Amino acid sequence: MPGVADVGIEFEKFLQSWTAERGNLPASVEVLGNGFEGWLKFEFYFWLIREHGLRATCAGEYGDIGVEYGVALDQRRASMDIREKRCDLWVSDLEGRYHFIEIKVPFANRNQGKMFNSASDDYWYMSRLRSQAEKVSTGSVIIVGVNFADERWDKHLERVAGAADAYRQTSHCGGRVPGSQSLHWAVLTTHYPQPVRDAVEETSL
């Protein structure tokens, strides 16, 4: 079925397409003074559709990809305070399950701590999704940072990564945005095992 295997690999390819197709884009983005999460979400969304021939969700019918979805959380987990987490983006994997994605764009300013706290919270939730009911393949947080020194960026990412508490298998990837002097990126992903049998719970997608 149409879908993607790995969110981190796809996001890296997406960033590489900026240099190949729109060489002035990285430099234009890195001088922005405000967040651009909404723009980034839809850029990645339309790129995935184009690159993989995905069917967009429309007219109330689910396709292979969509935006703004309230994914159910596992209420058995300690400290769970809400029933669902609204994620920025979801996309099918290659086995009939789904990748759920949150996006954060922190700047190296006085609000950076707040932004990375929010990213940590997002990653905590993405590691505690109601996996069988939602047919979860992975839960990811994508972070694009503006104007961070390497040491400060690494320290922030280490804190975000710790939010998953090694609860499940995780993977992290990242680097500098190609063609940019001051943009870093990272994708932190929690991987959910393939269920042994079909879930008895009602699926949401």
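Laboratory data are not the source of any read-out in this text; all were calculated from the coordinates shown. Everything numeric in this text was worked out from a predicted model, so none of it was measured. Virtual Cβ from ideal backbone geometry, glycine too; neighbours counted across all protein chains shown.
Annotations for the structure displayed:
- Gaussian network model of the chain, Cα within-10 Å springs - most flexible of 34, 147, 117: 34
- Within the chain, the proportion of Cα pairs with more than 27 Å between them is 29 percent.
- Computing FRET efficiency as 1/(1 + (r/R0)^6) for residue 68 and residue 114, where r is the C-beta to C-beta distance and R0 is 25 Å, gives about 0.70.
- Rg/Rg_ref, segment 6-88, where Rg_ref = 2.2 N^0.38 Å and atoms are Cα: 1.37
- Between 19, 189, 170, the Gaussian network model of the chain with springs among Cα atoms under 10 angstrom shows the greatest mean-square fluctuation at 19.
- Projected label points at residue 83 and residue 37, each 7 Å from Cα along the beta carbon direction, are separated by 2.3 nanometres.
- With a Förster radius of 45 Å applied to the C-beta separation of residue 55 and residue 158, the computed FRET efficiency comes to 0.75.
- Normalised by residue number, the volume inside the convex hull of the Cα atoms of segment 46-148 is 122 Å³ per residue.
- Residue among 182, 120, 140 with the largest mean-square fluctuation in a Gaussian network model of the chain, springs linking Cα atoms under 10 Å: 182
- For the pair residue 28 and residue 76, a Förster radius of 41 Å applied to the C-beta separation gives a FRET efficiency near 0.35, rounded to the nearest 0.05.
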